[in-house]
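The values are calculated or read from the model by the stated rules, or taken from the named source; none is laboratory data. Predicted model, so just to flag it, every value in this text is computed and none were measured. Glycine also receives a Cβ, built like all others from the backbone with ideal geometry; neighbour counts cover every protein chain displayed.
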Amino acid sequence: MSARAEAQADDLGFGFGAMACECEIRIAGLGRKKAEPMAREAIDEVRRIESKFSRYRDASVVSRINAAAGSGQPVEVDVETADLLDFAAQLHASSGGLFDITSGMLRQAWDFKAGRKPADGQLAQLLPRVGWNKLRWQRRGPGQVGRIELPMAGMELDFGGFGKEYAADRAATLLQSRGVRHGMVNLGGDIRLIGPRPDGRPWVLGVQHPRHERSLIARIDLADGALATSGDYERFFEHDGVRYCHVLDPRSGMPVSHWQSVSVVAPACLAAGALTTIAMLLQGDALAFLQSQNVGYLAVDAQGAIHRHEIWQRGESAAVSP
Amino acid sequence: MQLKNAPFGGLVLAAMALPGVWHVSAHAENAPEQGLVSLRFLNYQDSQPGWKRVTVNSPSFLLAAPLGRDWGLEATATVDHVSGATPRFHSNVSGASTMDDERKAGDLKVTRYFQRASVSLGGAYSTEHDYLSRAFSLAGTLASDDNNTTWNAGFGHAGDKIDPTDGGYDGNVADQRKRTNDFIVGVTQAVTGDDLVQANLTHSRSTGYLNDPYKALDARPSERRQTALLLRWNHHFAGDGSTLRSSYRAYNDSWQVKASTLQLEWVKPVGGGVSLTPLLRYYTQSAASFYADPVYDTTLGAPFPVGWDANAYNSLDQRLSAFGAFTLGLKLQWAVDELWTFDLKGEAYQQRGEWRAGGEGSKGLEPFKARMVQVGISRKF
């Protein structure tokens with residue numbers, strides 16, 4: 001075998017389904033015997049996070065919190081959940097209240113499969129139960145457990161805005177701690193790199209065109225860090241020539257329309273993913289916000305024009321280590 | 001084009017700060033980025049039923065400072081003021097020797113950090129009016145490619161000079177020497193993100209004057225070879241952020257002392273930057289082959305033990321008897337802010353012959369108790 005073929009033979013992909021999407025752990029430069037048990041461990045970590053935080057799993061922490069809504073009983077949560085809730089509070093504060101993990105229940109009013117808009121008065125009925133400021137979140141400090149209470153029946157938490165990205169980071173970090181130096185974790189397009197290819201070259205990552213499913217609108221060479229994309233094409237319907245996407249403004253319950261898609265390159269996938277969502281919600285104010293966070297963004301506006309941070313210049317590889 | 005040179009926004013940093021999101025290797029060989037000064041005050045007192053023995057008051061000062069990118073410096077200075085009395089033999093009160101002494105000690109260690117390794121060179125100096133000790137050490141660490149395994153090895157040498165007041169118990173001991181060479185090898189392994197295990201093997205050989213000059217009839221071999229194996233396991237509980245540190249130490253030496261130590265410490269954060277650390281330690285040892293019980297010769301009387309032979313090795317030192325001992329401790333640490341830390345630590349120790357495990361304890365000795373309180377304050381700079 002030539003050195004090149006050998007390197008390719010060592011580039012192993014382990015596909016699996018989790019969090020309602022196609023996922024892959026890619027480990028290069030180690031050989032199957034070493035890579036496979038580690039990939040299994042990383043997949044287990046993704047599944048652990050899914051079962052712990054999915055609102056579709058009855059036994060999950062989130063379901064437990066949601067089930068207690070309106071009961072007057074606070075729910076005690078462990079340190080990991082408390083860390084994520086603190087992070088959610090920061091996202092809420094830094095986005096002027098737009099990133100809100102209580103806003104997921106607004107989707108009850110929107111049927112994207114059937115392409116149906118909310119009935120009259122339906123949003124007005126749901127909106128009083130949306131708002132991070134309405135719930136009670138108590139924690140004495142970092143490293144502590146916490147207590148959360150949803151004061152109204154029907155209030156719901158949804159970690160969908162960052163759970164997948166958090167899982168990608170945890171899996172990648174786990175693999176790094178096991179000595180993996182080359183590869184990536186890709187959870188349905190939210191990608192966290194473990195390190196460059198074995199020969200030191202960066203990986204080439206593409207961003208899907210928001211209007212042409214089978215083509216790419218941009219590519220970037222990345223050796224480390226993470227890439228996440230949020231777009232109006234993931235779940236949507238059109239009605240009277242207007243596109244209604246699944247990213248909903250928590251103040252009005254209405255879909256946003258300023259951007260077709262926003263991609264962000266950041267050190268951690270958790271940051272990249274949350275920032276794409278906030279950018280979609282901030283609409284016209286998104287670019288200034290992304291610049292203030294100093295991340296590598298690529299945003300496609302409603303007319304299809306591309307706005308990009310200089311990291312996305314063609315033919316250059318990027319490094320995002322802090 | 002790189003993002004890395006500019007500071008990231010607060011949300012990016014907040015995401016990276018969550019546990020498990022960003023890889024921080026368990027033991028990267030990093031030079032300290034911040035310096036630390038710390039001032040501690042220790043008060044120690046031991047006692048036996050009916051009398052207080054030794055009191056130690058000891059302020060100490062510690063400085064750790066980065067020197068450029070690749071070097072680190074650590075220095076400590078301690079002054080112990082020791083007063084009180086120790087028994088001349090066994091736990092005998094009437095024959096106690098009183099002392100009022102001051103020990104001044106200092107050490108300095110310089111470390112050079114490399115990509116996956118570090119090398120330290122240290123020196124230490126300690127003086128009392130009847131004792132002088134000088135030591136140096138050389139130690140190194142080497143980490144594996146994935147930083148999950150760290151090997152360490154070290155060598156140390158100490159030279160002591162003993163010149164007891166009034167020539168000691170017998171009145172004829174002066175200008176004696178003692179030399180000690182220590183070797184250590186060890187390995188630390190991160191087993192999971194939450195579990196760290198460590199094994200350290202130490203061997204030391206001391207030669208020269210190893211007696212206690214203030215004890216009656218103390219005649220010990222002029223060589224002592226000591227070997228100890230220390231096994232440690234630290235487990236972090238992600239649920240409540242606490243850490244359980246457990247260790248076991250097996251020891252034996254050429255004087256036939258075999259000892260085991262079992263220790264558990266639980267570091268529990270309780271909020272507001274405060275952590276509480278309860279500690280439990282059990283220690284047990286067999287007696288040295290030449291230790292004699294407090295059963296005295298009917299003709300010669302105390303302190304002469306039954307079957308005393310002036311030409312054989314002998315010791316009536318309670319510390320060489322067979323016993324078991326428990327230590328209970330509690331430490332409170334308060335990180336006041338980013339820079340200041342306050343700590344308060346208390347330990348109570350009790351030793352008894354009948355607490356020995358794996359054999360009979362030495363008989364006829366009074367139980368021995370000690371307590372220690374330490375307060376400290378540290379500031380990063």
Can you find a residue that is crowded, with 16+ Cβ neighbours inside 10 Å and touching a helix residue (DSSP H, G or I) at 6+ places or on another chain (Cβ under 9 Å) anywhere in the stretch B:305-322? yes
Can you spot a residue in the stretch A:302-311 that is surrounded by fewer than 15 Cβ atoms within 10 Å (Cβ to Cβ), modelled with pLDDT under 85, within 11 Å of another protein chain (Cβ to nearest Cβ) and more than 15 Å from the chain's Cα centre (by Cα)? yes
Please go through the stretch B:123-134 and pick out each residue that is buried (at least 16 other Cβ atoms within 10 Å of the Cβ) and either modelled with pLDDT of 95 or more or touching a Lys or Arg at 6+ places or on another chain (Cβ under 9 Å) (or both). B:Ala124, B:Ser126, B:Glu128, B:Tyr131, B:Ser133
Exactly one condition in (1) in a strand (DSSP E or B); (2) modelled with pLDDT under 90; (3) among the aromatic types (Phe, Trp, Tyr) is not met by B:Trp266; state its number. (2)
When A:Ser95 is run through (1) buried (at least 22 other Cβ atoms within 10 Å of the Cβ); (2) under 28 Å from A:Ala288 (Cα atoms), the failure sits at (1)
Flagged pairs (Cβ under 7 angstrom, 6 or more apart or on separate chains; first in the stretch A:117-129, free of Cβ contacts under 8 Å to residues at least 24 places away in the same chain; second of a type in the set (A, V, I, L, M, F, W, C)) are A:Gln122/A:Ala109
Which one is surrounded by the fewest Cβ atoms within 10 Å (Cβ to Cβ), of the residues in the stretch A:5-32 that are within 18 Å of A:Pro198 (Cβ to Cβ), of a type in the set (Gly, Ala, Ser) and at pLDDT below 90? A:Ala5
Checked pairs for the stretch A:207-227, first within 18 Å of A:Gly183 (Cα to Cα), second acidic (Asp, Glu) and in a loop (DSSP other than H, G, I, E, B), C-beta under 9 Å and 6 or more apart or across chains, list as A:Ile220/A:Glu316; A:Asp221/A:Glu316
Tell me which residues, restricted to the stretch B:209-226, are assigned to a strand (DSSP E or B) and over 23 Å from the mean Cα position of the chain (by Cα). B:Ala219
Pairs, please: C-beta under 7 Å, at least 6 apart or cross-chain, first residue away from chain B (no Cβ under 14 Å) and in the stretch A:178-204, second among the hydroxyl-bearing types (Ser, Thr, Tyr)? A:Gly189/A:Thr229
Selection from the stretch A:164-188 of residues that are buried (at least 24 other Cβ atoms within 10 Å of the Cβ) and under 22 Å from A:Arg57 (Cα atoms): A:Lys164, A:Glu165, A:Tyr166, A:Ala167, A:Ala168, A:Asp169, A:Arg170, A:Ala171, A:Leu187
Is it the case, given these coordinates, that A:Asp221 is closer than 28 Å to A:Ile306 by Cα, in contact with a Lys or Arg (Cβ under 6 Å, 6 or more places away or on another chain) and within 14 Å of another protein chain (Cβ to nearest Cβ)? no
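For the stretch B:100-110, check the following and say yes or no: at least one residue is within 14 Å of chain A (Cβ to nearest Cβ) and either surrounded by 16 or more Cβ atoms within 10 Å (Cβ to Cβ) or of a type in the set (D, E, K, R) (or both).
Within the stretch B:100-110, none of the residues are within 14 Å of chain A (Cβ to nearest Cβ) and either surrounded by 16 or more Cβ atoms within 10 Å (Cβ to Cβ) or of a type in the set (D, E, K, R) (or both).
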Within the stretch B:146-199, residues more than 15 Å from B:Leu230 (Cβ to Cβ), aliphatic (A, V, I, L, M) and within 14 Å of chain A (Cβ to nearest Cβ) come out as B:Ala190, B:Val191
Give me a count of the residues in the stretch A:242-277 that are at the interface with another protein chain (Cβ under 9 Å from one of its Cβ atoms) and part of a loop (DSSP other than H, G, I, E, B). 2
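If I ask for residues that are more than 9 Å from every other protein chain (Cβ to nearest Cβ), of a type in the set (A, V, I, L, M) and surrounded by 15 or more Cβ atoms within 10 Å (Cβ to Cβ), which ones from the stretch A:278-289 would you list?
Across the stretch A:278-289, the qualifying residues are A:Ala279, A:Met280, A:Leu281, A:Leu282, A:Ala286, A:Leu287.
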Condition check: surrounded by 14 or more Cβ atoms within 10 Å (Cβ to Cβ), of a type in the set (Val, Ile, Thr) and touching a Ser or Thr at 6+ places or on another chain (Cβ under 8 Å). Does B:Val274 satisfy that? no
